[in-house]
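Quick notes on the structure that follows.
The values are calculated or read from the model by the stated rules, or taken from the named source; none is laboratory data. Given the structure is predicted, the values throughout are model-derived calculations rather than measurements. Note that each Cβ is placed from the backbone with ideal geometry, even for glycine, and that neighbours are counted across all protein chains shown.
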Amino acid sequence: MQRGGVSFWYQELGGLPKPRPALDRSVSADICIIGAGYTGLWAAYYLKKADPSLNIVIVEEHFAGFGASGRNGGWLSGNFAWEHEKYLSSGTAEQVKAMVEAFHGTVDEVIAAAEMEGINADIHRTQELAIATNAYQFQRLAPELKRLHHWGDHRNRLESEAQLRARIAIPSARGALVTSGVARVQPAKLVRGLADAVARLGVTIYEATRAHEISKGQVITHQGRVACAVALKATEGYSAQLPGYERDWLPLNSAQIVTEPLPLELWRDIGWSGAELIGDMAHAYCYCQRTADGRIAVGGRGLPYLLNSKIQPDGQPTSGTIAELRGILARLFPAATHVPLAHAWQGVLGVPRDWCATVGLDPETQIGWAGGYVGVGLTSANLAGRTLRDLVLSEPTALTELPWVNRAVRAWEREPLRWMAVRGLYAMLKAADRAEANGKAYAPHLARLGAWIKSK
C-alpha cells in the first residue's frame, strides 16, 4: 500500500504532473491569483472568459491541483454544508434560500464547463445516500429532511430500510436521506483539465512559486514580485501558511483510503451497482465512492488538526487514521473487509471560526478571497470563482448579493487554545458516535457537548 504521494487520483493519472515553469523575475499583471486549486482556477477561467484582454497570473507553491483539489473525495454535491441561520447576520432568509439554490446549480455548471473544455473527469450523475446505521442516526433523518426543506432544498427524500437494502447491502442500515442532482468525479482529472483549459485561455500559471506577502498592488514571492491591480487569495486550507492570515482559517485534515479493485462476486454481494455517493448520519461523518475502475474509496477526518496549523505536505496519514478508515470500510461493506488497500493519503481543508464559507473583495486594497468550504469545495469553489469574477469586474449580480459575500468572521484563538478546541470537538463527536453505535443513553449529551465546543 502506498502512503501519501499526494493522492491515489494522481497515481491513476500515471503519477505527478510535469511541472510548469516557476516565476524567475518580477512581472506585472491585471490580476494575480495565489493558489492554483479549484478556487483560483475557476476565478481565472471565468474572468478570462468575461474579458479576454485581462492579463492574469497565478502563482502556486507546488503544482496546480496539489492541495485539496487533487485529494478530495470526488463529491460534486452542490450541498449547503453550513448552518443556514449563521448567514442571517449578513442576509435575509430569502437570500439564504437563494444561496442554497445557487449551490445546487453549481453541479450543472461544473459539468457543462467540463464538457465545453473537453475535460474527461469520470463524471457520473448520481444520488447521495446519507445512511442511518443505528437508532440514534435514524432519529435524525426526518428532522434533517424537514430542516433542508425549510431552507429551500427539495432535492431530498427519505428512503426506507427495505428500499435501501434493495440497492446496497449495508448490514446495519435502517434508512437513508437521499439527495438527487449530485455527481461523482475523479478530482485530479478535473483540476488538471481545468488548469490546462485556463492555460489555453492565456492565463500564466507559475508553479513552484511561493507567495509570502500580499498587499495592495502587489504579491511578493521568493522568486519575484507581481505588480497587480487586484490580488485574489485562493489558498483555502493553506491560508494559515501566509503571514498575516495565520488565524483566519485553520487547516483541518481529512484522510482517505482506496482499495484494490473488487472482484465482480464481491460487488454482487454488496449490491452497489450504481455510482451513488455514500456517507452516514454520524457526527464525525464519512464519505465514500465507488470509483470508475471498481474500487471503494473511504474518507474521514482521522487526526483532525496539528498544533500551530502544521501541514504535512507529503500527505501521509497516521497508522491510527488508516485503521480508523479501515474500520469504516468493514462496518459499511463487510464483504470488502479483507480487500487489500492500494493507497492512503490526506489533505487539508479550510475552516473559519464559525465553520461557514466566505467570498469577498476589499474595495480599498483590491485583495479578494474565497474559501472556508469545510469539505464541500468541489462545488463551492466554482460558485466562488463566478462570484469573484463579478466582484472584480464591479458588476452587481445575483451572486454578489448572496449572504456569504464580504462576510466578516472573527479569527481563531491563539495556540494552544484552537488545538485544544478542535481536538476536543472531534474527540466528543467520535465518542458520541461510539456511544450511539452501542445504544448508550448518554450519547446525545456527548453530541451536544461537541456542538457546544464548536459554537464557542
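Just the residues that are buried (at least 24 other Cβ atoms within 10 Å of the Cβ) and in a helix (DSSP H, G or I), please, taken from segment 11-44.
Tyr38, Thr39, Gly40, Leu41, Trp42, Ala43, Ala44
Within segment 142-168, take every residue that is assigned to a helix (DSSP H, G or I) and among the hydrophobic types (A, V, I, L, M, F, W, C) and give me the one that is farthest from Asp269 (Cα to Cα).
In the first step, residues of segment 142-168 are kept if they are assigned to a helix (DSSP H, G or I); the result is 142-150, 161-165.
From what's left, among the hydrophobic types (A, V, I, L, M, F, W, C): 142, 145, 148, 162, 164.
Details: Ala142: 29, Leu145: 30, Leu148: 33, Ala162: 16, Leu164: 14 Å.
Ranking the qualifying residues of segment 142-168, first place goes to Leu148.
Residues in segment 62-81: is at least one under 30 Å from Pro313 (Cβ atoms) and touching a Cys at 6+ places or on another chain (Cβ under 7 Å)?
Checked segment 62-81: no residue is under 30 Å from Pro313 (Cβ atoms) and touching a Cys at 6+ places or on another chain (Cβ under 7 Å).
If you check Val422 against the conditions, is it of a type in the set (Val, Ile, Thr), farther than 15 Å from Leu232 by Cβ, within 20 Å of the chain's Cα centre (by Cα) and part of a loop (DSSP other than H, G, I, E, B)?
Considered against the rule, which asks whether it is of a type in the set (Val, Ile, Thr), farther than 15 Å from Leu232 by Cβ, within 20 Å of the chain's Cα centre (by Cα) and part of a loop (DSSP other than H, G, I, E, B), Val422 comes out as no.
So Arg125 passes all but one of these: (1) surrounded by fewer than 17 Cβ atoms within 10 Å (Cβ to Cβ); (2) on the phi > 0 side of the Ramachandran plot. Which condition number does it fail?
(2)
Within segment 109-117, is there a residue that is in contact (Cβ under 8 Å) with a residue 12 or more places away in the chain, part of a loop (DSSP other than H, G, I, E, B), within 30 Å of Ala199 (Cβ to Cβ) and not hydroxyl-bearing (Ser, Thr, Tyr)?
Yes, there is a match, as at least one residue in segment 109-117 is in contact (Cβ under 8 Å) with a residue 12 or more places away in the chain, part of a loop (DSSP other than H, G, I, E, B), within 30 Å of Ala199 (Cβ to Cβ) and not hydroxyl-bearing (Ser, Thr, Tyr).
Name, by its number, the condition in (1) of a type in the set (Asp, Glu); (2) in a loop (DSSP other than H, G, I, E, B); (3) touching a strand residue (DSSP E or B) at 6+ places or on another chain (Cβ under 6 Å) that does not hold for Glu128.
Of everything listed in (1) of a type in the set (Asp, Glu); (2) in a loop (DSSP other than H, G, I, E, B); (3) touching a strand residue (DSSP E or B) at 6+ places or on another chain (Cβ under 6 Å), Glu128 misses just condition (2).
For segment 235-257, enumerate the residues that are crowded, with 17+ Cβ neighbours inside 10 Å, of a type outside the set (Asp, Glu) and more than 18 Å from the chain's Cα centre (by Cα). Before you say what the answer is, go through the steps one by one.
Step one: of segment 235-257, the residues crowded, with 17+ Cβ neighbours inside 10 Å are 235-242, 246-257.
Imposing the further condition that a residue be of a type outside the set (Asp, Glu) reduces the set to 235, 237-242, 247, 249-257.
Within segment 235-257, Gln241, Leu242, Arg247 meet the criteria.
Taking Arg268 as the residue in question, decide whether it is of a type outside the set (Gly, Ala, Ser), surrounded by fewer than 18 Cβ atoms within 10 Å (Cβ to Cβ) and either within 21 Å of Thr39 (Cα to Cα) or in contact (Cβ under 8 Å) with a residue 12 or more places away in the chain (or both).
Criteria not met by Arg268.
For every residue, the table says whether it meets (1) acidic (Asp, Glu); (2) touching a residue at least 12 places away in the same chain (Cβ under 8 Å); (3) over 22 Å from Ser380 (Cα atoms); (4) out of contact with any helix residue (DSSP H, G or I) (no Cβ under 8 Å at 6 or more places or on another chain).
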site: Gln186; (1), (2), (3), (4): no, yes, no, no
site: Leu194; (1), (2), (3), (4): no, yes, no, no
site: Glu207; (1), (2), (3), (4): yes, yes, yes, yes
site: Gly217; (1), (2), (3), (4): no, yes, yes, yes
site: Gln223; (1), (2), (3), (4): no, yes, yes, yes
site: Gly244; (1), (2), (3), (4): no, yes, yes, yes
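Which members of segment 295-354 meet the condition of being among the hydroxyl-bearing types (Ser, Thr, Tyr) and farther than 16 Å from Ser239 by Cα?
Thr318, Ser319, Thr321, Thr337
So which pairs qualify, if the first residue must be in segment 14-33 and over 18 Å from Leu194 (Cα atoms), the second must be among the polar types (S, T, N, Q) and part of a loop (DSSP other than H, G, I, E, B), the Cβ gap must be under 7 Å, and the two must be at least 6 apart or on different chains?
Note: pairs meeting the criteria are Ala22/Thr209; Ala22/Gln223; Leu23/Thr209; Leu23/Gln223; Asp24/Gln223; Ala29/Asn55; Asp30/Asn55.
If a residue has to be under 24 Å from Tyr287 (Cβ atoms), of a type in the set (Asp, Glu) and assigned to a helix (DSSP H, G or I) to count, how many in segment 78-108 make the cut?
Here the count works out to 2.
Within the bounds of segment 375-387, is there any residue that is crowded, with 22+ Cβ neighbours inside 10 Å and either aromatic (Phe, Trp, Tyr) or free of Cβ contacts under 8 Å to residues at least 40 places away in the same chain (or both)?
Within segment 375-387, one or more residues are crowded, with 22+ Cβ neighbours inside 10 Å and either aromatic (Phe, Trp, Tyr) or free of Cβ contacts under 8 Å to residues at least 40 places away in the same chain (or both).
Do we have any residue at all in segment 52-62 that's in a loop (DSSP other than H, G, I, E, B) and without any contact (Cβ under 8 Å) to a residue 12 or more places away in the chain?
So far as segment 52-62 goes, yes, one or more of its residues are in a loop (DSSP other than H, G, I, E, B) and without any contact (Cβ under 8 Å) to a residue 12 or more places away in the chain.
Out of (1) surrounded by fewer than 19 Cβ atoms within 10 Å (Cβ to Cβ); (2) modelled with pLDDT of 95 or more; (3) out of contact with any Gly (no Cβ under 7 Å at 6 or more places or on another chain), the odd one out for Ala166 is which?
Looking at each condition in turn, Ala166 falls short on (2).
Taking the criterion of being surrounded by fewer than 19 Cβ atoms within 10 Å (Cβ to Cβ), more than 18 Å from the chain's Cα centre (by Cα) and closer than 23 Å to Ile123 by Cα, would at least one residue in segment 305-317 satisfy it?
Within segment 305-317 (the criterion being surrounded by fewer than 19 Cβ atoms within 10 Å (Cβ to Cβ), more than 18 Å from the chain's Cα centre (by Cα) and closer than 23 Å to Ile123 by Cα), the answer is no, since none of the residues qualifies.
Provide a single number: the residues in segment 194-234 that are closer than 30 Å to Asn253 by Cα, surrounded by fewer than 20 Cβ atoms within 10 Å (Cβ to Cβ) and among the basic types (Lys, Arg).
Adding up the residues that qualify gives 1.
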